[in-house]
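Participant: Encoded as structure tokens, here's the structure I'll be asking about.
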């Protein structure tokens, strides 16, 4: 077993649990507060009817708020710190792998510094 596979499995399980937690937060705390501002007791009751078909857009609003909450939390608690750590470590996005030895070399290199084989030049855009 590779470490990345285990890390991915743990991240998936934690992500699913976090999404459930955020759905509960939105349904039990955020939605009643927002609904109170607009005079409605709950978003779940919001609906409209066309030709006898009832459309429950309140439930969709709950799901949308839960999704936006999860997306914002992931961005601010995972993505932003990860980018800062990469910047502090000096990880350059302008590198590529050598086609022959898989070493990390600059994007503009025409020859690998490790195995000295010619490599295709990819100019940064």
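Laboratory data are not the source of any read-out in this text; all were calculated from the coordinates shown. Since the structure is predicted, the reported quantities are computational estimates derived from the model, not experimental observations. Glycine gets a Cβ as well: all are built from the backbone with ideal geometry, and neighbour counts include every protein chain shown.
Participant: Determine, from the Cβ-Cβ distance of residue 86 and residue 25 and an R0 of 25 Å, the FRET efficiency 1/(1 + (r/R0)^6), rounded to the nearest 0.05. Write down the numbers at each step before the final one.
Facilitator: Values: r = 30 Å, r/R0 = 1.20.
Calculated value: 0.25.
Participant: Provide the gained length on full extension for the span residue 38 to residue 95, in nm with one decimal, where the gain is 0.36 nm per separating residue minus the Cα-Cα distance.
Facilitator: Between residue 38 and residue 95, full extension yields an extra 15.3 nm.
Participant: Above 17 angstrom, tally the Cα pairs of the chain and express them as a % of all pairs, no decimals. List each step's numbers first, then the result.
Facilitator: Values: 5743 of 7750 pairs.
Within the chain, distances greater than 17 Å cover 74 percent of Cα pairs.
Participant: Considering Cα pairs under 8 angstrom that are at least six residues apart, work out the relative contact order of the chain and quote it in whole percent.
Facilitator: Numbers: 97 pairs, mean separation 16.8, N = 125.
The normalised contact order for the chain reaches 13 percent.
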